[in-house]
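Undergrad: Before I ask anything, let me first share the structure, which is written out below as structure tokens.
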Amino acid sequence: MSPANKPALEVPVIDVSVLLKNADEASPEDLKICADELKAAVSSIGVFRISGHGISNEDQTDASDAVKSLFNVSEAEKHRLSVKANNIKSAAVARGYIGIGEESGSHRVEVKEGFSMGYRWDAVEAGFTPKPMGTKTRPVPETLNALQAVNVWPTEDHLDLQSRISMDSLFEHMTRVSQALVRGFSMAMGEEAGYLTPYCKGGENISLLRLFHYFPYSQYKSDQSVDVERIGSSPHTDWGFLTLIMEPGIGGLEVFHDGEWNTVPPVPGTLVCNVGDYFSMLTNGKFVSPLHKVVTGDEERYSIVYFYYPGYNSHIPQQTCSQDQEVPSSIRDGLKSYSLVTDQSANGADLDQSESITLDDVPFGTYIARKWEQVAR
Ligand SMILES: [Fe+2]
């Protein structure tokens, strides 16, 4: 079914500006209204749009332009930054250039190129030193972990410094919005605003900003004798705590809801937010991590996606979910189909849900480092 024939999902737009205010400036009534709206959205479809996020139209345009500039660099420069060409594994997969067909959550070819960046770690002799947002001090992290890596960028001959600054500042702003949403979600759960914060401690240091350039499917020429199935982004759920998407306004995102795929109509100036698997599991599935995909067909599309992760050492609450007798089996089964706990390697993505791999009792970050290897092609 083409996107034109699919139903359009009614995605609520929620003004989250009150969550970004200082605690003494936010009215309790406004906070309650916002938390109630968040609860309604994440309890049903798991996705909503946010306004009042504080990213000006000018900054959004700058970010959009920066993404286009970045994907306009020479093939040689892309190759220099390529995750695959450099045979980079695990943690550092999270940083650098990904070419067409080099990443997929299924057997399909995802006709897109991507570029990933994260927290501004600076390389130092003994490891990594974080540069905290808005400060010039450089405290050493408590521990080094497998998701710490230094960002890589095209040289200034290829990408102007302003584009890089624009991306760095967008990463920092997306982090602030995510942390504000976590406070809102805490209240949506009927708890104090700081309830979920411990799960996210240090998450900003391993979260990722991923830039995507989707091509018309016809531009991908298969070198295999049998034709391959093409898609923008395979059906999947997001692994982390929450995801924020800045998109260009031509659509392409689809969400599975009520037994069918729905388009998500663009609303200029807003960000899409969806719940991730980790947060959904934390709520025993009461908050939904929506199954979604990107269908681009003959359109060219750009998007900027921020994946907010819980802290590296936060444990994935899978066992709690599977043993909680109060959770309906439909929800428990749904949790088992989340991408976080399914095999997304080339031969594993379309296995029956009962074949889901067992979730090890490992820290979230260690587990995610392995997940990156599953989706590399
Ligand atoms: Fe996603």
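Just so it is clear, none of the values below were taken in a lab; they were calculated from the coordinates. Here the structure is a predicted model, which means the values were calculated and not measured. FYI the Cβ positions are ideal-geometry reconstructions off the backbone, even for glycines, and counts take in every protein chain you see.
Undergrad: For the cross-link pairs K84/K221; K286/K371; K286/K336; K112/K293; K112/K336, which exceed 21 Å when the distance is taken from alpha carbon to alpha carbon?
TA: K286/K371; K112/K336
Undergrad: Could you order the peptides 239-247, 33-41 from most to least packed, using the average number of other C-beta atoms within 10 Å per residue?
TA: 239-247, 33-41
Undergrad: Take V255, V67 and order them by how many other Cβ atoms sit within 10 Å, fewest up front.
TA: Listing V255, V67 from fewest to most nearby Cβ atoms yields V255, V67.
Undergrad: Only Cα pairs under 8 Å and at least 6 apart count here; give the relative contact order of the stretch 1-88 as a rounded whole percent.
TA: 30
Undergrad: Name the long-range amide H neighbours of Y309: under 5 Å, sequence gap of 5 or more, or other chain; modelled H, no Pro or chain starts.
TA: Here S207, L208, F241 satisfy the definition.
Undergrad: What list of ³J(HN,Hα) values in whole Hz, one per residue of the stretch 190-205 in order, does the Karplus curve 6.51 cos²θ - 1.76 cosθ + 1.60 (θ = phi - 60°) give from phi, with Gly and Pro shown as x?
TA: Rounded to whole hertz, the list is x, 10, 5, 4, x, 4, 8, 3, x, 5, 9, 4, x, x, 5, 7.
Undergrad: Sticking with this structure for a sec: Which residues' amide hydrogens lie under 5 Å from the amide hydrogen of I316, considering only partners 5 or more residues apart or on another chain, with H built in the peptide plane?
TA: Result for I316 returns V362, F364.
Undergrad: Could the peptides 184-192, 334-342, 149-157 be put in order, highest first, of the mean number of other beta-carbon atoms found within 10 Å of their residues?
TA: 334-342, 184-192, 149-157
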